[in-house]
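Single-structure report; data block below.
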Amino acid sequence: MKGIVLSGGSGTRLYPMTRAANKQLLPVYNKPMVYYPLSTLMLAGCREILLVVNPADEEAYRRLFGDGRQWGLEISYAVQPKPGGIAEVFLVGRDFIGHDRVGLILGDNLFYGNTLPAIAERGAHGSGAVIYAYWVSDPSSYGVVEFDAGDRPIAIVEKPKQPRSNWAVTGSKAASRWRSSAAAMPGSTPARRRACCAPRSSSKRSRIARACRSAAPRRSPGARAISMMQAWRG
């Protein structure tokens, strides 16, 4: 699977720091923020990675990563002239993607947990499209996965006033057979759920997941990989 890291955006909520440096290049503990999502893609087995960046930040990313060979990677770059949403990224990177399976992660999303490698790898080797969702107590603040009566994902609703679930969409996706002429969010076509990662934990934010397995859905805190079998397929 190939990987894409979306590291654009202007980071206005972090002004004035982000006037001088891209948000994803700011340090988190002892390394640039973008190292963390890049590591997540590496855990999924990605070795060919596209960094989608702002025009003004491309040179800084090239100085930081080069061609990636020092980590056994093949890193390339694409410029997104202005923020255009996640769907546009797949149009910007259409030549890079080709006909391969691809995973996308936002450059400011940090995933962690002792079962993260297994969850990332499962998404990499699945079929159709996979989104990663996380149980939250305030779903009205997020994009939320809506399920039908059979607990199959049918839509993603942005900041719903009356949420149909507590499963918020994170900044990580994987899919195969992408259309290069259009990139739309999943619509109303029912899709079979492939994996559920929902640890029964007393802490809603303790870790990303405990196990990734085909099981009945659990409305409990944790992370969840949802397969959208009809979404984004050619």
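Checking the cross-link pairs Lys23/Lys159; Lys82/Lys159; Lys2/Lys82 against a 29 Å limit on the alpha carbon distance flags no pair as lying beyond it. Relative contact order for the range 50-106: 37 percent, from Cα pairs under 8 Å spaced at least 6 residues apart, divided by residue count. If you keep only loop residues by DSSP, which GluC sites (Glu not before Pro) in the range 35-73 have at most 15 other Cβ atoms within 10 Å of their Cβ? Here no loop site has a sparse enough neighbourhood. Label-to-label distance for Lys31 and Ser141 is 2.8 nm, based on points extended 7 Å past Cα in the beta-carbon direction. The phi torsions of the range 122-135, fed into the Karplus equation with coefficients 6.51, -1.76 and 1.60 and a -60° offset, translate into couplings of 5, x, 5, 9, x, 10, x, 10, 10, 10, 10, 10, 9, 6 Hz, rounded to whole numbers, with Gly and Pro shown as x.
Arranged from fewest to most other beta-carbon atoms within 10 Å of their beta carbon, Leu104, Leu43 become Leu43, Leu104. Just so you know, the Cα atoms of the range 61-113 work out to an Rg and Dmax of 12.8, 34 Å. Between Ala87 and Lys159, take the C-beta separation as r, use R0 = 22 Å, and let me know the FRET efficiency to the nearest 0.05. Rounded to the nearest 0.05, the efficiency is 0.80. One Cα centroid belongs to the range 100-154, the other to the range 34-72; the line between them spans 21 Å.
Throughout, read-outs are computed from the coordinates displayed, never taken from laboratory work. None of the values given here were measured: they were computed from a predicted structure. Cβ atoms come from the backbone with ideal geometry, glycine included; neighbour counts cover every protein chain shown.
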